[in-house]
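These notes are about the structure you will find just below.
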């Protein structure tokens, strides 16, 4: 009798552990970076780009419930060489959106923007601010050599939501709306 119960539990846990990765994989990651543009005319090399399909319905619902959400945008400039590329610049931006339910307004923290924190009542406008980077100064042009090829690499990911320990067990699905894009590379000549 005992061995029969032990087998039952063994097969139950085996089925649960083999099904879990299938559940986690079923949330497709389709976020992309598009419209990457480089401006070499000023004192700084500036980049502009846009994140596409970075919000899904679960994420929007969590934001409207007051969960702060942060996109990490990784930017790198590399100089190609025969063996390894040399990093010339490498930094991370953090775009954060918070919804204030009392005032019915969204606060978007953009470190590259002069006003830094933008406030709006429109969720669509806040999502546009979160997913757009315009005229980002990447590196001073005097650091770059003339007639040299460089790579501008951009990647975006959703920062992990840090919940209190008790809520991690209850709200286990929050990790299912994580996203991460591939590295997008633009080759340019300075």
- Which order do the peptides 40-48, 66-74 take when ranked by the mean count of other beta-carbon atoms within 10 Å per residue, highest first? 66-74, 40-48
- Compute the distance in nm between two label points, each set 7 Å from the Cα along the Cα-to-Cβ direction, one at residue 83 and one at residue 30. 4.4
- How long is region 30-189 along each principal axis, judged by its Cα atoms, biggest number first, in Å? 54, 33, 24
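Every read-out reported here was derived from the displayed coordinates using simple, explicitly stated rules and does not represent laboratory data. What you see is a predicted model; the values in this text were computed from it and never measured. Here Cβ is always computed from backbone atoms with ideal geometry, including for glycine, and neighbour counts include all displayed protein chains.
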